[in-house]
1. Can you return the aspartates and glutamates within cross-link range of Lys233? Criterion is Cα-Cα under 14 Å, with same-chain partners fewer than 8 residues away left out.
2. Rounded to whole Å and ordered largest first, report the semi-axes of the equivalent ellipsoid of the stretch 341-476 derived from its Cα gyration tensor (root of 5λ).
3. Where q = 0.10 Å⁻¹, what log10 of I(q)/I(0) comes from the Debye formula for the chain, counting one point per Cα?
4. Counting pairs of Cα atoms in the stretch 234-318, how many percent are more than 19 Å apart?
5. Counting other C-beta atoms within 10 Å, which of His101, His170 has the fewest, and how do the rest follow?
6. Would you order Ser565, Ser123 from fewest to most other beta-carbon atoms within 10 Å of each residue's own beta-carbon?
7. Two decimals, Cα atoms only, Kirkwood Rh: what is Rg/Rh over the stretch 253-450?
8. Using the Karplus equation 6.51 cos²θ - 1.76 cosθ + 1.60 (θ = phi - 60°), what ³J(HN,Hα) coupling, rounded to whole Hz, does each residue of the stretch 560-573 give in order, writing x for Gly and Pro?
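All of the numbers you see were taken from the coordinates with simple rules; none came from a lab. Values in this document were obtained by computation on a predicted structure and should not be read as measured data. FYI the Cβ positions are ideal-geometry reconstructions off the backbone, even for glycines, and counts take in every protein chain you see.
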Amino acid sequence: MPMCGIVGYVGPRDVSTVVLAGLSRLEYRGYDSAGMAVSGENGIERSREVGKVADLVRMLEANPLKGKQGIGHTRWATHGGVTVENAHPHCNSSSSVVLVHNGIIENYTELRESLLSEGVTFSSQTDTEVAAQLLGKIYSGDPKQALIELYRRITGAFALAVMFADDDDHIYCIRKGSPLIVALGDGETLCASDVPAVLEYTRRIVYMGEGEMACLSREGASFWDSEGNPLDKDVVEVDWDLSMVEKGGYPHFMLKEINEQGAVMRQTLTGRTEGEQVDLSKELSWTADWARSIKRVHLVACGTSFYAASVAERVIGLFTDLDVRVDIASEYRYRSIPIGEDTLAVFVSQSGETLDTLAAERFAKEKGARCLAITNNGLSSIAREVDDVLLLKAGPEIGVAATKTFTGQMAVLYLMALYLAKLRGSLKETDEQRLLREMTSMPYKIEALLENSDTVKLMAEKYSLARDFLFLGRGFSFPIALEGALKLKEISYIHAEAYAAGEMKHGPIALLDRAVPVVVVMPDDELWEKTLSNVQETKARKSPVIAITTVGRESYLKDVEDLLSVPATEPELTPFLTVIPLQMFAYYVALARGTEIDQPRNLAKSVTVE
Ligand code: M6R
């Protein structure tokens, strides 16, 4: 399961209420089906439903579950279709064991065959039931030993929360590959895939590490490693509060997060700039000698993070003579390219949990590269494995479609690029001052743009019935065109493709007619006129053009159907502004089409399978 959300609760409150509230806060992780199990006087009882957590809530209102403790799950299907039988929690045949799982058990086929040959019958097609059946076979009264043995026998990535029918005072957890936290309250203890699920009860969090296991009771939690050695874990006091994971009056998290981008930019710059100088020395272990010694920079990421990295590739190219390249994380390991001690490898990941990116990081590290993570989660798997971390400071992003973290990623990447160039001695002071001055005023420009949302809304409504869109951009605007198309695809389900504007004539132009709107990202920069030619080519094929340009350029675009202007800025910084109307456009198109904006079909917030 790429993502899935897990919650467990042991304590005096109504178990169903706590587990269901936690699942709702984790629903961004998957939402094909949901389920929960409790254990108490009646042994283990379980309810599962296809659909959203709200569907499970309705089912439980009719048939409540009462118990002393409970575990719950919201699913993003991989092994086995979206059915009640495949929904979690899964039990073994005698229901002596029940568990929820996030991740993939890679050797499940051979385990399933061996269990079948021993006479076990399965009631689902999932890899998870294999773990439940196997644990049922292994368990003989000692949960700790059973979990250690289970850990030894299953491979892949998994976070598991487990209850045993003969023990209604403890929930057990195992973590390998997929994230899992334990939250320590006052007379109550929780486990969850992510912090928002527990914030209502406590901010005292233990991040479980690789190969670690835990036993949760009302009194707290104990931890041990895969050999059974006890672990003394640090308790972290998280500084998030509940309002950060609530909608705050907005109809959708995505709209809230789009509107937070000015604040994110401000937050990102805080403590990293001194006057008009960039200073990351408090966060990075880089020295000038090291910076001068490297030959290449690899930027590696997936999805929206890949587009932020693609913008950064251009920035680093502008200010250094380094050999810089950007790679999609799932491709990076399969290329034959030089990587070594002379390589800075930068992994950009909002969640810090994307398995493709994590695997790429491990690969680069093994080759001797110095690894940097740019992430919104400083305690994530990627953050914990790299040499250096730069945090986005964007606050939790709940909408599945990334928006504010894209802005945060670009801001951190720009600072990183400038700092690297400065350490290498290739950054002109005038460029540093010019760009930092402009970055400091960027939040105001972003906020001014956001006030214009009515125009974007009307435009979005006008085009909301289109079946296909083309997005074009050159230079810094090419990754923005890609991001604009991705946003539209993700939440409105309209087919949208992005091309480097100069590529249109090499093929995609064949698609153009009056039914295919073309969004052209063309801020005022040195490529503006070339892109203007592409607008003319598009107009000649009768496609409606929606141009995103800079204030002052409108008079050249009188014959385009629709126009959105962004404030003027330095040419290298246009992505911070041009992306905003594209995010809003996608949002309002989706709103007009009535799609599930915060939880688009088939997607999950971070993808923890390859
Ligand atoms: O957590 P990450 O930044 O590593 O996630 C990468 C992609 O999965 C993510 O950006 C995805 O493309 C989003 N749905 C974009 O909106």
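1. Answer for Lys233, where 14 Å is the Cα cut-off: Glu210, Glu212, Asp225, listed by chain and number.
2. Details: eigenvalues 195, 100, 43 Å².
Those come to 31, 22, 15 Å.
3. Log-scaled intensity ratios, in q order: -0.89.
4. 66
5. Numbers: His101 30, His170 20.
In increasing order of surrounding Cβ atoms, one gets His170, His101.
6. The fewest-first ordering by Cβ neighbours comes to Ser123, Ser565.
7. Using Cα coordinates only, the ratio equals 0.95.
8. 7, 5, 9, 9, 10, 10, 10, x, 5, 7, 5, x, 6, 9
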